[in-house]
Amino acid sequence: MARMRTVKDVMDAVFSETNKCRVKPKLSKITPIRRIRDKESVVSAAVLVPLCICDGTPSILYTLRSSKLVQHRGEVSFPGGKFDLSDANLIRTAVREAEEEIGLDPEAVNIDLWGQLPPIPSRDGKIAITSIVSYIGDVDIDKLAYNKHEVEEVFCESIQSLCESSAMTQFRSGWSLPVFPGSRHRIWGLTAIITHHVLAVLVPTLHQLQVPHVTPLINIFK
């Protein structure tokens with residue numbers, strides 16, 4: 001009889017080559033909680049979802065947007081931005097933005113691409129955001145030269161704590177969204193949706209949050 005895997009077993013193997021091979025084909029096949037209705041009218045953008053080891057613990061890296069910004073100030077996000085004509089593809093967009101925002105130098109850091117999620121619409125439905133999931137190895141937050149005009153703070157959340165703190169926000173209309181209230185900073189909105197999708201594929205035995213009702217509307221935050 002096979003031994004039941006413990007949380008430690010899962011965490012010890014989460015960034016293994018075996019798990020990477022299992023995860024990679026599944027990322028592009030998920031059904032996003034929020035879907036793009038008119039693909040022809042949206043602007044393309046990409047974010048980097050940095051899987052990493054932080055203080056010896058398997059984690060995901062996040063940014064807290066500067067309170068001085070006009071849009072989305074003080075919100076938790078992943079480094080990213082709109083596709084530029086100079087970008088060869090959306091992977092390049094995510095890597096370029098990560099370098100600009102948090103000082104993640106692709107020449108110095110081995111950014112190991114694990115795959116990408118299907119595009120998810122922004123709040124207003126005008127931007128299609130593709131999440132580039134990559135493993136960036138050991139990270140020392142204190143050594144990251146992040147852009148203080150855009151980023152208030154760079155922080156990591158352990159994958160185990162994210163799984164343990166995941167919850168749902170349910171709205172009056174009946175639909176629900178994932179939220180991670182137990183994090184250093186509350187993770188909600190698009191960042192929570194992306195985190196939920198990544199965890200569901202990366203550690204399915206630990207992250208079993210079910211989002212029971214999916215709204216057909218794009219602009220679900222209004």
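Structure data summary
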| quantity | calculated |
| --- | --- |
| Most positive-pole-ward Cα, Ala192, Leu177, Ser86, against dipole of the chain from beta carbon charges | Leu177 |
| Charge tally in the Cβ shell below 11 Å around Leu90, where Lys, Arg are +1 and Asp, Glu are -1, Leu90 excluded | 0 |
| Eligible aspartates and glutamates near Lys24 by straight Cα distance, threshold 19 Å, same-chain separation 8 or greater | Asp12, Asp112 |
| Area projected by the alpha carbon convex hull of the range 47-180, averaged over all directions, nm² | 9.3 nm² |
| Proximal lysines to Lys68, defined as alpha-carbon separation beneath 17 angstrom and excluding residues fewer than eight positions away on the same chain | Lys148 |
| Computed [θ] at 222 nm, helices only, for the chain once each DSSP H run of length n ≥ 4 contributes -39500 (n - 2.57) | -7000 deg cm²/dmol |
| Cα-centre dipole for the range 101-204 with unit charges at Cβ (Lys and Arg positive, Asp and Glu negative), debye to 20 | 660 debye |
| Solvent-accessible area of Asp55 with every protein chain in place, 1.4 Å probe, in Å² to the nearest 10 | 140 Å² |
| Selected from Ile136, Ser161, His149, residue furthest toward positive end of dipole (the chain; charges at beta carbon) | Ser161 |
| Choice from Phe78, Phe15, Phe180 with maximal GNM fluctuation in the chain (Cα, 10 Å cutoff) | Phe15 |
| The range 4-137 - accessible surface per residue (Å², probe 1.4 Å) | 51 Å² |
| Protein accessible area in the range 124-210, 1.4 Å probe - carbon and sulfur % | 46 percent |
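The values are calculated or read from the model by the stated rules, or taken from the named source; none is laboratory data. Being a predicted model, the structure only gives us computed values, none of them experimental. Cβ: placed from backbone, ideal geometry, glycine included. Neighbour counts: every protein chain shown. Just the protein is used for accessible areas: all its heavy atoms, side chains included, with ligands, DNA and RNA removed. Shrake-Rupley method; radii C 1.70, N 1.55, O 1.52, S 1.80 Å.
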